[in-house]
Amino acid sequence: MQADKVIDYIVGWLRDYAAGAGVNGFVVGISGGVDSAVTSTLCAQTGLSVMVLNMPIRQAPDQKSLAEKHLGWLQQRYENVSGYTTDLTAVLEAFESCLPEAVQDHLTMANTRARIRMATLYAFATHHRMLVAGTGNKVEDFGVGFFTKYGDGGVDISPIADLYKSGVYQLARHLGVIEEILDAPPTDGLWPDSRSDEDQIGATYDELEWAMEFDPNGGRPQDLTERQKQVLSIFRELNRKNRHKIEPIPVAVIPEKLK
């Protein structure tokens, strides 16, 4: 991949889209991970106003620190970037106090964290007439659906959603993203034990990229290793279960004869 040309293309695309939408710039939530680091940096390179939000909710100290370091790195390099850290733990606690304990399982409340952050991003975006820029990559958005519906999946535009995770890392290195972020295990930061994406999915991003590219009609599944078969099974199962996130909302189209 020609990282410099891809960067120029995405930055130009962002700038043109913002002009067409008549907005002032972009709002990006950062987590201390590589996807949000790359997305926020690409937005910053447009020269338009960029608001970068660090939104910890019972966050592990290392994740909070990486997000703060990236925010400082951005502001040193781009005068058009403003940053805010808003701790949303109290919002989650208030929400928890209103819900029956019976529905407060780990997954439900992890997704609730993401949805609280989404609402916060849109509070800033609406007030300042900006677009919320998504941070999902191709494997997450269109492969296994590894995002929260109406959480980190609730965005206006997706600058890096046509890039595999490996491509995001290439751009990150070209952009000069800090090494600590490049070295950190990918995680959504939604679990109290700071489990990584790989822990949750059962496969690495490199493995998932291979599975997403594998052509079951043209390939020879019988020649796959046991691990490849396992990864392919993981990919296909997640892709099947998460079609409701990957595809547009289904619409019940009424037959003309019934109208």
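The values are calculated or read from the model by the stated rules, or taken from the named source; none is laboratory data. The shown structure was predicted, so the numbers you read here are calculated from the model rather than taken from an experiment. Cβ sites come from the backbone with ideal geometry, for glycine too, and all protein chains shown count toward neighbours.
Conditions tested, residue by residue: (1) buried (at least 18 other Cβ atoms within 10 Å of the Cβ); (2) in contact with a helix residue (DSSP H, G or I) (Cβ under 6 Å, 6 or more places away or on another chain); (3) of a type in the set (Val, Ile, Thr).
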{"position": "Lys5", "(1), (2), (3)": "no, no, no"}
{"position": "Ala37", "(1), (2), (3)": "yes, yes, no"}
{"position": "Thr41", "(1), (2), (3)": "yes, yes, yes"}
{"position": "Ala60", "(1), (2), (3)": "no, no, no"}
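Put simply, of Asp193, Asp206, Asp199 the only residue that is closer than 29 Å to Gly29 by Cβ, part of a helix (DSSP H, G or I), among the charged types (D, E, K, R) and modelled with pLDDT under 90 is Asp199. In this structure, Ile181 does satisfy being of a type in the set (Val, Ile, Thr), farther than 20 Å from Thr89 by Cα, out of contact with any Ser or Thr (no Cβ under 6 Å at 6 or more places or on another chain) and modelled with pLDDT under 95.
Is it fair to say Thr135 is at pLDDT below 95, within 11 Å of the chain's Cα centre (by Cα) and within 14 Å of Ile30 (Cα to Cα)? No: the conditions fail for Thr135.
Using the structure shown, decide if Val50 is within 15 Å of the chain's Cα centre (by Cα) and crowded, with 24+ Cβ neighbours inside 10 Å. Don't jump to the end; show me each part of the working.
Details: within 15 Å of the chain's Cα centre (by Cα): no; crowded, with 24+ Cβ neighbours inside 10 Å: yes.
Answer is no for this residue.
Filtering region 19-47 to residues that are small (Gly, Ala, Ser), within 20 Å of the chain's Cα centre (by Cα) and at pLDDT 95 or above leaves Gly25, Gly29, Ser36, Ala37, Ser40, Ala44.
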